[in-house]
Each structure stands twice: as C-alpha cells, then as structure tokens.
Amino acid sequence: MSEPKYKRVMLKLSGESLAGKNGFGIDFTVAKRIAEEIKGLVDMGVEVGAVIGAGNIWRGREGSGMDRVTADNMGMLATCINALALQNSLEDLGIETRVQSAIEMREIAEPFIRRRAVRHLEKGRVVIFAAGSGNPYFTTDTAAALRAAEIDAECILLAKKVDGVYDMDPNIYPEAVKFEQLTYRDVIEKDLKVMDITAITLCKDNEIPIIVFGLDGEGNILKAIMGEANGTIIDCNE
C-alpha cells in the first residue's frame, strides 16, 4: 500500500454528515462508516484530529428570534453531542479517542489543552475537538483551522456533500465547473464560500493546505490522505 501523504491531519466534518438521509439527528450507521474510515487512517499511522459541526441538531438563530450569542452557545453545545457520538463509534472499533471541549464540562470531556492534545495524537489516539473555539461569532470551520494550526496539522481534510469546490452550486446548476486547484486568495476573491474568510485566512497565514472532497463515496477519506481524492486542493501555490 502507498504511504499516506500526511502524518497529522485535521478532519472537518459537517454535522449534516452524521444525519445521513434523514437530514437531522444522528444516523449511527453513517457514524460507523465514518469511524471505519478514520480507523483506516489510524492503522496507517496517521495522527487524526477532528472537528464536527452541529447542523444536524441546531441551525443557529434561523427563524428563532434568538440573539446571536445564545444561539451560538447552543450550537457549540450541540457539537459536543456529535463529538460523543463519533467517539462512541470509534471506540466500538477499538480506537482510543479523546474528546476535548473548548467549553469546560469535565464530566464528559477533557478541557482543550494544546500540549495534552498533541500528546494524545502522538500516542495514536484520535482527538475530537468539540464546542468550536468556545466563542460565539466563530464557526466550526474557524475552529478547525485554529486547532489545525495549534496541533501543527499538515492539512485539513474538508469533507463536503459535493466532491470539491465549484464556481456555482452543482446541485442547482448542472453547468457548474469544478476547480481542481485553488489558492487561498482565489477562494477569498471569488467568494467561493468553501470555509468562512476567517478560517481561510488562518490556513493561509499558517500555510495549511485544504483538501475538499465528497464524503458520500465510500473510502473517500482514505483516498484524500493518499492524494487520490477527486476533489479540490487549496494551498498557496499559484
């Protein structure tokens, strides 16, 4: 088997990815499939950190009339539910896993401590970073970029519903064109909405490449780490 291109990665999953075809809640069949692919990375010696969104549980203040801070706090707590679900699926496969939360909740998760997280990774444990950055007004994309920089991840594996970055929504416009390679500047200037601008800027400043790929195809996480994903690479190369 070929060697993986990266030794330490940050996997960014949307909350919707855990919902499966239901579109809401947690489909544990899907969680198990994702866990099996992560196990494949661990078995190859790749150190894996992960951040999961919360869109399958909470969509922020859309239609709620809530103030932004309260809505974002609820979203951060919802990411903890998803983190525990993924942890359970990984541990069912015998993978040692730690959940580290940016919001202290010692009964169910460790507090985020950078050095401890890095030590877990070095020991072959998967570390799931929950509760975003612990601050409202910042997305889980930004949390993924921040944690990736803090743990010295070599890339971000950005799992999406579509198989890369397009110039327009391919689900609406069949003539949409997929990009194979982009720079961080391209993403910002073209307003491609791959990740929010704060996340893209963090990746640019720390030279963390982003591999955008579709999660639906079986084995796609493994293909991404091997450089075989038919997706989009975002980096500093012009």
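Each reported figure results from applying straightforward, stated rules to the coordinates on display, with no laboratory input. Note that the coordinates shown come from a computational prediction; the quantities given were computed from them, not determined experimentally. Here the Cβ positions follow ideal geometry from the backbone for every residue, glycine too, while neighbour counts run over all protein chains shown.
Structure notes:
- Potential extension, M66-E3 segment - 0.36 nm per residue separation minus Cα distance: 17.8 nm
- Two-site label geometry, K32 and N230: point separation in nm, points 7 Å out along Cα→Cβ: 2.8
- Here the simple spin-label model places points 7 Å from the Cα toward Cβ, and for M168 and M44 these points are separated by 3.6 nm.
- Coil-residue trypsin sites (Lys or Arg not before Pro) of segment 42-138, DSSP, other Cβ within 10 Å capped at 11: R106, K123
- With semi-axes defined as the square roots of five times the eigenvalues of the C-alpha gyration tensor, the equivalent ellipsoid of the chain measures 24, 22, 18 Å, largest first.
- Each label was represented as a point 7 Å from its Cα along the Cα-to-Cβ direction; for T198 and R116 these points are 2.4 nm apart.
- Helical mean residue ellipticity (222 nm; -39500 (n - 2.57) per DSSP H run of 4+; nearest 500) of the chain: -11000 deg cm²/dmol
- Each of I200, I81, I188 was placed along the dipole of the chain (beta-carbon charges, centred on the mean Cα), and the one lying farthest toward the positive end is I81.
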